[in-house]
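See below for the structure under consideration.
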Amino acid sequence: MEMNYALSEIDNVSETILKNRVHDTIIFKAPIGAGKTTLIKTLCKELGVEGEISSPTFSLVNEHQGKSEDILHFDLYRMESKEELYGIGMEDYLDRKALKLIEWPELAMDLLDQHHVVEIEIVDADRRRLVFA
């Protein structure tokens, strides 16, 4: 599924993704500044997460409680090796019954079972092109 949207329409994008997801893992591929974290924050709010939702750039994973499911938000940008992934207990996180939202997933790809891919492309300062598969 492909969507072209203005940043002000991100709530609609989030709703569409959630209505069409069938897997418990969604990976996000996009350049820095494309809006991965912004979209993930919107997804979390749509799922009923209350309070502040921040990027786990330094903590690597943030855990949230939605209305009907737990949510694990990963930012693996700073990970340099698979050994580091094992060191944070990535396999245990992936085995949990929760929605897993993973930014910068490249090192973790061989650990993932079925998952969705969100690819975001910057069209201009206010517009994005998103592919959800």
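Restricting the range 37-63 to residues that are over 21 Å from Phe132 (Cβ atoms) and of a type in the set (Asp, Glu), the residue that is modelled with the highest pLDDT is Glu63. Note on the range 81-110: residues that are surrounded by fewer than 16 Cβ atoms within 10 Å (Cβ to Cβ) and farther than 18 Å from Arg21 by Cα total 14.
If the Cβ limit is 6 Å and pairs must be 6+ apart or interchain, which residue in the range 54-65 that is polar (S, T, N, Q) pairs with which residue that is at pLDDT below 95 and part of a loop (DSSP other than H, G, I, E, B)? From residues that are polar (S, T, N, Q), the pairs are Asn62/Pro56. Among the residues of the range 41-51, what is the count of those that are assigned to a loop (DSSP other than H, G, I, E, B), surrounded by fewer than 17 Cβ atoms within 10 Å (Cβ to Cβ) and either within 16 Å of the chain's Cα centre (by Cα) or of a type in the set (S, T, N, Q) (or both)? Number satisfying all stated conditions: 1. Could you please let me know if Ile32 is buried (at least 18 other Cβ atoms within 10 Å of the Cβ) and not small (Gly, Ala, Ser)? It is false that Ile32 is buried (at least 18 other Cβ atoms within 10 Å of the Cβ) and not small (Gly, Ala, Ser). Scan the range 1-45 for residues that are within 17 Å of Glu106 (Cβ to Cβ) and of a type in the set (Gly, Ala, Ser) and jot them down. Answer for the range 1-45, where residues must be within 17 Å of Glu106 (Cβ to Cβ) and of a type in the set (Gly, Ala, Ser): Ala30, Ala34.
Taken over the range 1-17, the criterion of being of a type outside the set (Ser, Thr, Tyr), out of contact with any Phe, Trp or Tyr (no Cβ under 9 Å at 6 or more places or on another chain) and either within 16 Å of Ile102 (Cβ to Cβ) or outside any helix (DSSP H, G or I) (or both) is satisfied by Asn4, Ala6.
Residue check: is Leu130 touching a strand residue (DSSP E or B) at 6+ places or on another chain (Cβ under 8 Å), assigned to a strand (DSSP E or B) and under 30 Å from Glu2 (Cβ atoms)? Considered against the rule, which asks whether it is touching a strand residue (DSSP E or B) at 6+ places or on another chain (Cβ under 8 Å), assigned to a strand (DSSP E or B) and under 30 Å from Glu2 (Cβ atoms), Leu130 comes out as yes.
Just a yes or no: is a residue in the range 104-112 among the acidic types (Asp, Glu) and either under 21 Å from Thr57 (Cα atoms) or in a helix (DSSP H, G or I) (or both)? Looking for residues that are among the acidic types (Asp, Glu) and either under 21 Å from Thr57 (Cα atoms) or in a helix (DSSP H, G or I) (or both), one finds at least one in the range 104-112, hence yes. Screening the candidates Ile27, Ile71 for the property of being over 17 Å from Ile120 (Cα atoms), surrounded by 20 or more Cβ atoms within 10 Å (Cβ to Cβ), within 12 Å of the chain's Cα centre (by Cα) and β-branched (Val, Ile, Thr) yields one hit, Ile71.
When Ile32 is tested against the conditions (1) outside any helix (DSSP H, G or I); (2) in contact (Cβ under 8 Å) with a residue 60 or more places away in the chain, the lone failure is (2).
The values are calculated or read from the model by the stated rules, or taken from the named source; none is laboratory data. Just so it is clear, the model here is predicted, and its values are computed rather than measured. Here Cβ is always computed from backbone atoms with ideal geometry, including for glycine, and neighbour counts include all displayed protein chains.
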